[in-house]
Structures are given as structure tokens and as C-alpha cells.
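Structure, as C-alpha cells:
The values are calculated or read from the model by the stated rules, or taken from the named source; none is laboratory data. Nothing here was measured: the structure is a model prediction, and the numbers come from that model. Please note: Cβ atoms are built from the backbone with ideal geometry, for glycine as well, and neighbour counts cover all protein chains shown. Side chains included, ligands, DNA and RNA excluded: accessible areas come from the protein's heavy atoms. Shrake-Rupley method; radii C 1.70, N 1.55, O 1.52, S 1.80 Å.
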Amino acid sequence: MNHDFDLSAVEEEIANCMRCGNCQATCPYYQETGFESSVARGKIALAKSVLQGKIKYTPTLAERFECLTCYACNATCPCGIQIDKIFLAARAVMVRNGGSPAFKKLMAAALKNQGLLDLGLKTATLAKGLLFQPHPSGGLSPRFPLGLDLRRVVPSLSPKTFRDGMRESVTVPGAKSKVAFFTGCLVNYVYPSTGRAVVEILTKSGVSVLIPWKQHCCAAPLALNGVMDVAEQMARSQIDLFSGLDVDAVVVACGTCGESFKKKYVELLDGAPGYAGKARELAAKTCDIADFAWNVAPFNRQLLKELAMRVTYHEPCHLGRGLGVTKEPLEIIRTIPGLDFVPLREPERCCGNAGSFSFTHYDISYNILKHKLADISGTGADAVVTGCSACRMQLEDGFAQEGLGKRVFHTAELLAMSLK
Amino acid sequence: MSVQEAIYTLRSVLGKENVITAKEDLICYSFDATADLPEHLPDLLVTPMTVEQVAEVIKAANRYKMPVYPRGSGTNLSGGTVPVRGGIVLSSLKMNKILEIDPDNLTATVQPGVIIQTLNNTIAPHGLIYPPDPGSMATATMGGSVAECSGGLRGLKYGVTRDYVMGLEVVLANGDIARFGGKTVKNVTAYDMVRLFTGSEGTLGIITEIIVRLIPAPETRETMFATFADLTTAGRSITEIIRSKVIPATMEIMDRVTMETVENHAQIGLPTESEAILLVEVDGIPEVVRREAATVREVITRNGGVVKTAAGDHERDQLWAARRAALPALARKRPTTILEDATVPRSKITEMLLAIQNIGRRYNLTIGTFGHAGDGNLHPTILTDSRDQEEMERVHRAVDEIFKAALSMGGTLTGEHGIGMAKARYLPWEYGEKGVQVLQKIKEALDPEYLLNPGKMVPCREERK
Ligand SMILES: Cc1cc2nc3c(=O)[nH]c(=O)nc-3n(C[C@H](O)[C@H](O)[C@H](O)COP(=O)(O)OP(=O)(O)OC[C@H]3O[C@@H](n4cnc5c(N)ncnc54)[C@H](O)[C@@H]3O)c2cc1C
Ligand code: SF4
Ligand code: SF4
């Protein structure tokens with residue numbers, strides 16, 4: 001176990017907070033609650049109190065360290081503090097001291113074992129008639145609370161997962177290069193069309209694709225919530241699966257998954273014999289699909305067909321601030337003929353999903369989403385393009401509940417549609 | 001136990017969700033943006049939603065003898081919101097409505113929890129601005145900035161918060177609600193109570209509604225940037241620009257330590273070989289702006305400065321980005337950043353800058369100075385580490401000397417950050433014992449029990465010799 005996930009390791013970061021409060025200006029969570037304990041300044045003060053022994057673990061304290069992990073505070077902080085590192089260390093300490101709240105334990109158990117997740121979700125598909133009822137939007141809303149709020153609209157799970165529907169290796173004759181595709185859970189179980197779009201873009205650009213069928217959850221839901229020991233095991237398993245492959249790159253279609261490969265595994269396995277070096281190599285090889293299709297293996301612009309719609313773009317926190325992929329999706333959108341692109345006023349503001357946060361704090365999550373929905377409505381766009389399936393789920397929930405009748409596409413889907 | 005009773009009473013009036021008592025939450029209210037101050041936990045936090053609820057809180061505070069600390073965003077730099085004696089922190093953030101924009105009378109009526117930037121965003125479509133623009137305008141509340149009488153970058157031409165506050169609704173220390181002032185430009189009815197409450201730092205009453213004056217947004221502006229080989233020529237340029245009857249909207253200075261730090265941090269091509277840079281912006285109607293900008297350039301060149309004019313919005317933004325980077329860049333250098341705001345008459349700017357440099361050398365401290373040169377409001381910023389006791393000793397002595405220097409030049413302890421806790425002990429240096437006694441009489445007339453923000457600005461009864 002890497003002991004960096006301790007508050008003493010981030011003591012300097014904590015000391016560097018000058019308590020200016022600038023982070024209030026961009027924190028979506030704080031802007032809903034108005035409580036200092038929601039925003040970075042307050043959370044850092046709590047972390048400092050833990051370090052100084054002024055306050056001990058309580059379930060309430062563990063809850064205070066929860067947030068959207070949207071990195072807006074990191075981007076605003078004039079002192080350049082790595083605020084997310086402080087939060088993660090604090091969450092790890094909380095988990096070690098008293099365990100995470102019940103829901104997270106459940107997630108940890110479900111995600112740890114790929115078989116279980118697969119089985120769990122497939123069982124859910126079978127049982128969905130029992131548990132869910134159809135919603136007018138075409139999604140499903142739960143019949144029972146299930147720990148979710150009753151109003152929430154959950155997309156139907158795909159009857160057949162993406163990976164079940166694909167060959168493990170899709171080869172292109174005379175391929176220029178070969179990549180491995182890490183699909184991520186939501187693409188695999190909920191949005192297989194995104195996965196197919198990624199494969200289509202890659203093969204049309206002369207890239208062979210390997211989709212290792214044993215791949216499993218990237219561990220972000222655990223790592224972001226401080227369940228470091230399990231996250232580390234999963235990181236090792238991921239390295240075992242991917243670093244041996246003879247590929248030029250590992251392509252991802254989700255900022256959060258990308259971050260696990262590019263950052264988290266390196267941190268989790270820092271100094272781990274036999275793994276640290278491999279984690280760094282894998283990190284260097286990992287690339288988001290928008291970045292890959294724009295910079296590494298550019299798609300053939302001659303093939304692009306006109307798409308007549310008005311679209312806007314929502315920047316996922318972990319893709320934009322997390323991985324720094326900000327320009328490429330916009331370049332892709334601007335290159336597609338016929339599209340009328342109207343930017344959001346605040347494209348980089350969090351949509352409120354934030355993984356498990358939206359389950360544990362549904363009302364706040366939905367209120368944060370409302371800002372996004374208003375921004376989207378203001379553009380008059382027919383569809384929102386984004387690079388993250390979790391954001392997509394959140395947006396679709398909002399569109400369904402508000403009866404907005406707008407669609408959401410992954411950037412890869414939009415591009416693949418134009419390449420058809 | 002009275003705290004328990006107070007919690008029970010307040011919950012029945014405000015609702016459970018507006019009375020917060022968990023230690024995990026209260027810790028976050030034991031400090032504000034001020035460095036180097038003791039922290040103190042409040043007993044509870046209340047978040048009233050109406051003026052009547054505020055009045056109920058004050059009545060409960062009287063009944064249970066618990067002090068009340070009004071709080072906006074907690075960004076003040078004088079310890080104004082630290083609950084030093086325990087009691088109730090009263091947050092204004094749930095009273096955050098803009099009640100009215102009145103383009104005919106050029107006023108806005110707001111609740112105290114409105115963020116300054118939000119007000120400006122809302123009035124921009126009307127072609128209006130609310131000029132007070134503290135560096136914290138994206139976070140600070142209207143209530144907090146009225147209570148501090150905040151300044152900002154545009155103070156030189158447009159004045160400070162007090163020049164824009166026209167009317168106030170206040171909950172007094174006994175729970176009564178009073179209104180002063182209004183929407184009229186002229187108003188000499190009785191004492192100027194609006195001005196008394198503006199800058200009162202939460203010690204005289206809780207502000208629950210504010211009427212402010214708005215002005216038409218300037219049509220155009222020109223931004224210039226000048227470098228100087230020494231502080232004297234920079235200082236002379238500042239006074240000569242004003243003497244030439246040009247009042248720039250802003251005239252900002254950065255010394256060499258600040259410039260070097262900004263440059264190291266951001267590599268934007270600042271001339272680190274010069275001793276000072278000035279950033280000057282003139283605004284208004286196009287013909288006047290053109291003429292005033294020419295005068296500014298002429299004065300600077302005559303004094304040996306090298307001046308450049310921003311060629312468009314992009315260059316202007318870059319210059320302002322450099323200015324805005326001053327505090328952040330300094331703050332990154334060391335863990336603790338002690339930001340003062342000693343202010344001198346404009347004509348003494350050079351003298352004050354030299355005095356600060358000298359103090360830094362004598363106490364072997366890194367001090368970067370930047371600030372609103374046009375109005376004599378400097379921000380000497382000491383970079384240190386509060387964990388190093390020996391160095392903090394030197395810091396405290398240096399701060400004493402900075403205040404002495406400012407006062408000896410006919411200046412003041414604080415231009416815009418307020419007295420609060422941080423500067424309370426220096427008050428007699430500027431006001432004398434007799435002057436401080438006047439403050440106490442005012443305080444006791446309005447708040448005889450010292451329930452409102454005790455320990456700030458006015459010394460409490462038992463602290464008196
Ligand atoms: C990065 C940074 C830059 C800054 N730049 C400037 C600047 O350029 N110019 C400047 O002048 N200041 C500046 N400040 C200081 C500070 O932001 C201002 O004083 C600001 O106006 C305080 O607003 P607030 O809402 O944070 O008030 P708080 O800090 O919450 O409160 C300030 C004072 O007002 C009292 N108060 C708050 N609300 C009420 C109310 N409703 N009724 C009665 N009393 C109340 C409090 O008790 C306290 O004494 C800066 C601060 C930071 C951190
Ligand atoms: S912006 Fe950064 S330095 Fe300022 S309070 Fe927030 S975390 Fe601390
Ligand atoms: S990560 Fe996002 S939600 Fe969390 S404190 Fe920072 S800005 Fe707020």
C-alpha cells in the first residue's frame with residue numbers, strides 16, 4: 001500500500017492555502033449550499049484540523065470531505081494548490097478510520113469483482129421489468145428507491161454489452177498502427193453505441209483495435225472516494241492486462257477512465273516493485289479518443305458528410321481540467337460540415353453528476369444540473385456533445401425530467417455519424 | 001444550559017436547517033481570509049432568510065447573552081468575522097436577492113448576501129456599473145463590502161463603497177429594525193446614519209438591505225503600461241499626472257520584488273530590470289480618453305519612464321492579468337502571506353515605497369509591494385511562514401514599523417481592509433486615546449452589551465485600561 005494517501009504527505013499543500021476564499025467563486029457545490037464546509041477552503045481547514053488532532057473521524061466528517069471532485073477549485077486557486085490531492089488523502093484517511101458510508105461500500109464490493117459487476121448489471125437487466133418502470137422519455141425510472149431518488153431517470157441498460165457484441169480484435173488490412181481500447185463501464189453497459197463509434201473512427205483512420213475482454217472498471221469510483229487498497233489491486237490488474245499488449249496506444253473514451261490510466265495508477269503504484277515503471281509507461285501511452293483522432297491518427301476530412309443540426313459542447317471536468325483535452329473536441333465539431341455550433345456560456349462548469357455524489361446528494365446534484373440545462377437551453381441547440389458517458393447520463397436525466405427533448409452525443413458518435 | 005436553549009429557540013424560529021451546530025461545520029467558520037490570527041470556534045451558525053429572522057436571532061442573542069458575528073463570504077483581511085468570544089455566526093448568504101434595479105433613479109436595491117460580481121453581471125445589460133471593485137469582487141458580498149467600506153482598483157476616479165451607498169436597512173443590537181437614507185441624491189435628514197453604518201465592520205448593526213447608486217458604464221478606455229529605472233521617477237509621474245488634471249480610473253504600481261515573482265511564475269515578459277511599473281487606465285467618452293491618454297504618455301516620458309499603450313483588448317487583458325497575478329504569484333512563494341494596506345497621501349508614495357524596502361532589509365524579510373498608487377493605497381506583502389516563530393517575531397516588528405511610517409507621513413492604518421482584530425491595537429496610534437473613547441461612546445449608544453462583533457475595532461469595556 002502506498003502511504004502517500006495520508007494527510008501528512010500533503011501537509012505543504014495544506015499550509016499553502018492562504019484562505020483567500022477565491023475558490024468560492026467557481027465551486028458548484030458551494031454555490032448551492034453556501035456552506036464553507038462544501039468549498040475547498042473549508043475542507044482544507046478540516047483536513048488541517050485532522051492533521052493537528054483537533055478533530056477525529058466521524059461519519060459527518062467523512063461526509064464533509066465529499067464533493068463533486070470537479071477540479072474547479074484547483075483551476076481557480078491563486079496559490080496553485082493541488083486541492084484534489086488533499087481531498088483524496090482526507091478521504092483515504094476517513095475510509096481507513098471508519099469506512100465509507102454504506103453506499104460506497106456497496107459500490108466497492110460490486111466494482112471490485114468484474115464477475116460480480118457483470119452479473120450484477122446483467123441481473124439488473126433481467127430484473128429491470130421488476131425494478132424499473134418505463135419513463136415517457138424512453139428511459140426507466142426506478143419503481144423502488146434503490147438508494148436513488150425516485151425522480152431520477154436511469155437509462156436502460158443495454159441488453160447486450162458493448163464488449164459482448166464485439167470481436168476482441170478488429171484488424172484493418174495494412175494498418176498504420178494498433179491500439180487497445182479501454183471501454184470503461186458506462187460505454188460497455190449503457191452506451192455501446194459510443195464504443196462502436198470509437199472503433200469505427202479508428203478503423204477508418206487505418207488503426208487496428210484490440211478490445212481486451214477481461215478489462216474491468218478503471219477503479220476511479222473507488223480511488224476518488226478514498227478506497228485506496230481496493231483501487232490499488234484493481235490498478236495492478238489493469239497493468240497486468242494492458243501493459244503486456246503489443247500496441248502503440250491505449251485509447252479511452254471517458255475523461256475519468258483516462259485519468260485513472262494517465263495519473264491515478266502512477267500514484268497508486270508509485271514505488272511498487274514491478275509495477276511503478278509499467279504504470280508510467282501505460283500512462284504515457286494512454287490517449288482520449290478526441291485527442292487521438294485529432295492529433296495522433298487524424299481522421300480523413302474528405303470522408304466527412306454534412307450533419308445539419310445545432311449543437312453545443314459540454315466539457316467534462318475530468319476530460320478538460322483533468323486530462324487537459326479542451327481544444328480537440330471543439331476542433332472536431334468545427335470541422336464537421338453543416339453543424340451550427342453555439343458554445344455554452346460556461347462549458348466547463350460541472351454538470352453535477354460526479355459519480356456516486358449524484359446518488360448520495362441527488363437534490364444538490366440536480367440543482368447543479370439545472371444551471372447546465374439553462375445554459376444549454378439558451379443556445380437553442382438540438383443536441384449536446386460531450387466526452388463523458390456519466391455527464392451524458394446526467395444530462396439525459398435532466399432532459400427527460402424537464403421534457404426538453406434534446407439529445408446527447410459522445411464526441412466520437414458525432415464524428416462517426418459524419419464519417420458514415 | 002443557555003447555548004442549548006438558544007439552539008432550541010433558534011431552531012423553532014429559523015428551522016433546523018438554518019441552525020448549524022456540528023463541530024465539523026463550525027471549524028470552517030473559525031477563521032477568515034486574514035493570516036496570522038488566532039482561530040476560535042463559534043457555538044453555532046445561523047443562516048436566516050429574512051430580516052424578521054435576523055431580528056429574532058438578535059433577540060435570542062440578547063436573551064442568552066451570546067455575541068453575534070455577521071458574516072458574508074469571510075474574505076475580509078482584518079479578522080472581522082473571527083468569532084473570538086464564541087457565540088453565533090450569522091451568515092447573510094441565504095439573503096442573496098437583488099430586489100430591484102431602477103434605471104430611472106440609477107439605483108439597485110439588494111440583500112446583503114448578493115455577490116458584488118453578480119450585481120455587476122445583472123446590471124451590465126442596462127449599460128450600468130457599480131464601480132467599487134475589490135480584488136475579491138467575484139466572492140465578496142455586498143453586505144461585507146459595505147460593512148468594510150471596501151475600495152478597489154477604480155477608487156482613484158470613482159471613489160470607494162461609501163460613495164455608492166444611499167440607503168440601508170439595519171437590525172439593531174436590541175432586535176429593532178431601522179431604515180436610513182433612500183433613493184434620493186440629496187438627503188440631509190438628520191445625522192448621516194448611512195455613512196455611520198458603512199464601514200462599521202458589523203459592530204453597530206446587521207445590514208439587511210442596501211440601496212446603492214449605479215453609474216453609466218464608461219464608453220471607452222485606454223490602457224498604458226510604463227517602466228521606471230527608479231522609484232522616484234515613478235512616484236513623480238503619479239503626482240504629475242494628477243497635477244495635469246487627469247484622473248485615471250486606475251493607476252496601479254508594482255515594485256521589483258513583485259515583478260520578479262510574477263515573471264518567475266508566469267513568464268509574461270515583465271521588465272524585471274526596472275524598479276517599478278505603472279499600469280494606468282483612463283476611461284470615459286472617446287475624445288476625452290484620447291486627450292487624457294496623450295497627457296499621461298507625455299508626463300511619463302518627460303519623467304524618464306518608458307511607456308507603451310495596449311493595442312487592443314487582448315493586450316489590455318494581458319496587462320491586467322499581470323497585475324492580477326501579483327498577489328497570487330507572491331502567495332505561491334511562501335506558505336504565509338501577510339497583506340497590509342497602509343495608505344499615505346498620494347504625494348508620499350515614493351517615500352513610503354522606499355520606507356517599506358528599508359524595513360524589509362532591516363528585518364531581513366521578503367516584502368513585495370503593489371497597489372493602488374493613484375490613491376496612495378499600497379499593499380506591502382510580507383512573504384513568510386507562520387510555523388517559523390523567530391521569523392514571525394521579525395514580521396510583527398516590521399508591520400509595526402510600516403504603520404508608524406504611514407502615520408508619520410500623514411497616512412492611515414488601513415485604506416480599505418478595516419481595523420477588525422488585526423489592527424485594533426494600533427488604533428490609538430492614529431486616533432489617540434480621546435478618539436478611541438469617541439468610538440466607544442458610539443458603540444455603547446448602539447450596542448451597550450457589546451453583543452455585535454465584540455473584540456473588533458472598538459476595544460471592549462474590560463479591555464480598557
Ligand atoms: C484576494 C483578496 C483580494 C481582496 N481585494 C480587496 C480590494 O481590492 N479592496 C478591498 O477593499 N478589500 C479587498 N479584500 C478584502 C475583502 O474581500 C473585502 O473586505 C470584502 O468586501 C469583504 O466581503 P465579505 O463578503 O467577504 O465580508 P466578510 O469577510 O464576511 O465580512 C467583512 C466584515 O463585514 C461584516 N459584515 C458582513 N456582513 C455584514 C452584514 N450583513 N451586516 C453587518 N456587518 C456585516 C463582518 O462582521 C466583517 O466585520 C480582498 C480580499 C481577498 C481575499
Ligand atoms: S483559492 Fe486556494 S488558497 Fe484560496 S482559499 Fe481556496 S484553496 Fe485556499
Ligand atoms: S472539486 Fe469542485 S465541488 Fe469539490 S470543492 Fe473543488 S470546486 Fe467544489
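Computed quantities for the displayed model
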read-out	value
For the protein assembly as shown: accessible area per residue (Å², 1.4 Å)	40
Those lysines that a straight Cα-Cα span of less than 29 Å connects to residue B:186, excepting residues fewer than 8 apart in one chain	B:97, B:157, B:245, B:441, B:443
Residue-count net charge about residue B:299 - beta-carbon cut-off 12 Å; Lys, Arg +1, Asp, Glu -1	+2
Peptide B:322-330, shielding by other chains (average Cβ, 10 Å cutoff)	2
Protection proxy ranking, peptides B:257-264, B:106-113, B:318-325, average beta carbon neighbours within 10 Å, highest first	B:106-113, B:257-264, B:318-325
Using a Förster distance of 30 Å, the FRET efficiency for residue B:98-residue B:308 (Cβ separation, nearest 0.05)	0.15
18 Å reach of a label modelled at residue B:195, 7 Å along Cα-to-Cβ, counting backbone N of the range B:118-154	B:146-151
Protein-protein interface of the range B:383-407, residues with accessible area decrease of at least 10 Å², isolated chain reference, 1.4 Å probe	B:387
For A:30-40, mean number of other protein chain Cβ atoms within 10 Å	5
Positive minus negative residues near residue B:33 (Lys, Arg vs Asp, Glu; Cβ under 11 Å)	+1
Prolate/oblate/rounded label for the range A:7-96 (Cα gyration tensor, a/c 1.5)	oblate
Percent accessible area from carbon and sulfur atoms, the range B:424-464, protein chains only, probe 1.4 Å	55
GluC sites (Glu not before Pro) restricted to the range A:1-69 and DSSP loop, no more than 11 other C-beta within 10 Å	none
Nearest 10 degrees, 0 to 90: helix B:389-408 Cα axis against chain B principal axis	80
Solvent-accessible area buried by B and A, counting both chains, probe 1.4 angstrom, square angstrom	2400
Cα-based helix-to-principal-axis angle, B:286-302 vs chain B, degrees rounded to 10	60
Cβ-based net charge around residue A:73, under 11 Å, with every Lys or Arg adding one and every Asp or Glu removing one	+2
Residues residue B:85 and residue A:270, FRET efficiency given R0 of 56 Å [Cβ-Cβ distance, rounded to 0.05]	0.75
Inter-chain Cβ neighbour average for residues B:15-23, partner chain, 10 Å	2
Residues residue B:396 and residue A:12, FRET efficiency given R0 of 25 Å [Cβ-Cβ distance, rounded to 0.05]	0.55
Chain lengthening between residue B:124 and residue B:2 when straightened (0.36 nm per residue, less Cα-Cα)	39.1 nm
Portion, in percent, of the accessible area of the range B:6-89 that falls on carbon or sulfur, probe 1.4 Å	54
Restraint check, A:204/A:372; A:263/A:305; A:54/A:264, Cα-Cα greater than 32 Å	A:204/A:372; A:263/A:305
Euclidean distance between Cα centres, the range B:84-145 to the range A:321-359, Å	31
On Cα atoms only, tilt of B:427-446 relative to the major axis of chain B in degrees	30
Global form of the range A:355-420, assessed from the alpha-carbon gyration tensor, a/c cut-off 1.5	oblate
